[in-house]
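Taking it in order: structure first as structure tokens, then the write-up.
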Amino acid sequence: MFQRRTVDMTVPSLRSTVSIIMKIGVLALQGDFAEHLSMLRRLGVEAAEVRLPRHLDDLDGLIIPGGESTTIGKLAVDFDLIEPLRQFGKTHAIWGTCAGAIFLSKDVRRPQPLLGLMDIIVQRNAFGRQVDSFEADLPIPELGALPYHAVFIRAPIIESVFGEARVLATLPDGRIVAAQQGKLLATSFHPELTEDVRFHEYFLALAR
Ligand code: GLN
């Protein structure tokens, strides 16, 4: 497993926004939702597991965690969550990490249930078996001057952004690993597995 690091870095301009009381849901069908919940609680936010459509009712935003996007999609169909999640995403902030980013996308070039909310095309398991997990320091200007230490686990690549979506972060070779479309965020990597809270703070500012 990846080592947790103590990196106490925050985005000064966002600091004041996180003390506002907010309730953020984490889709808890499968995957590493517990890590997102504890990161949110560390930031002083009320955090709740989402498994049913009614759990979305009083939320300011939603995180869809990493895991297996086919499983998350199938369970979302079984729990009648697809349409409620699409409606929620029209007016609220949603952030998908890894499998969550896949689930948010418009297209993954293979059949599986998707929310289709973000104007991104995603390639699953884009790094193959040899380097299916790795870490990289990425410059992400939105998070400040310090590079962001990103953890990739059988990660997807955002093949392209179109329409309303824009690129937030790339690997040194130019491949896209984070995108934003209004209040919607997609990251190929896992900020919930590090000690750096800047990406969660960035999301909270969108959900505010
Ligand atoms: N490989 C997974 C998928 O395609 C995503 C992996 C992850 O979320 N860490 O759904």
query = Dipole size in debye (nearest 20) for region 12-207 around its Cα centre, Lys and Arg Cβ +1, Asp and Glu Cβ -1?
reply = 300
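Relative contact order, percent, of region 56-208 when contacts are C-alpha pairs under 8 Å separated by at least 6 residues?
Relative contact order, region 56-208: 23 percent.
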query = Amide H of E46: which non-local residues (sequence gap of 5 or more, or other chain) have their own amide H closer than 5 Å, using H built in the peptide plane?
reply = M22, I24
Residue list for region 110-144, given a label point 7 angstrom along the Cα-to-Cβ vector of F162 and an amide N cut-off under 12 Å = 119-122
key: MRE, 222 nm, helices only [DSSP H, n ≥ 4, -39500 (n - 2.57), over the chain, to nearest 500]   = -6500 deg cm²/dmol
task = Show the residues, 5+ positions off or on another chain, whose built amide H is closer than 5 Å to the amide H of V197.
result = M9
query = Once the dipole of the chain is set up with Lys and Arg at +1 and Asp and Glu at -1 on Cβ about the Cα centre, which of L56, I24, V45 lies farthest towards its positive end?
reply = L56
inquiry  = Please give me, ordered by residue number, the chymotrypsin sites (Phe, Trp or Tyr not before Pro) of region 136-199 that lie in loop per DSSP and have at most 14 other Cβ atoms within 10 Å.
reply    = F162
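Using R₀ = 45 Å, calculate the FRET efficiency as 1/(1 + (r/R₀)^6) where r is the Cβ-Cβ separation of D137 and D78; round to 0.05.
FRET efficiency, D137 to D78: 0.70.
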message = Projecting each Cα onto the charge dipole of the chain (Lys/Arg +1, Asp/Glu -1 at the beta carbon, about the Cα centre), which of P191, G66, T91 comes out farthest on the positive side?
response = T91
query = Once amide H atoms are placed 1.01 Å from N in the peptide plane, what residues at a sequence separation of 5 or more from F189, or on another chain, have their amide H within under 5 Å of its amide H?
reply = C98
query = Which of the lysines could a cross-linker bridge to K106, judged by Cα under 20 Å and excluding same-chain residues fewer than eight apart?
reply = K74, K90, K183
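FYI, it's all coordinate maths here, none of it is from the lab. Remember, predicted model here, so these are calculated numbers, not experimental data. Cβ: placed from backbone, ideal geometry, glycine included. Neighbour counts: every protein chain shown.
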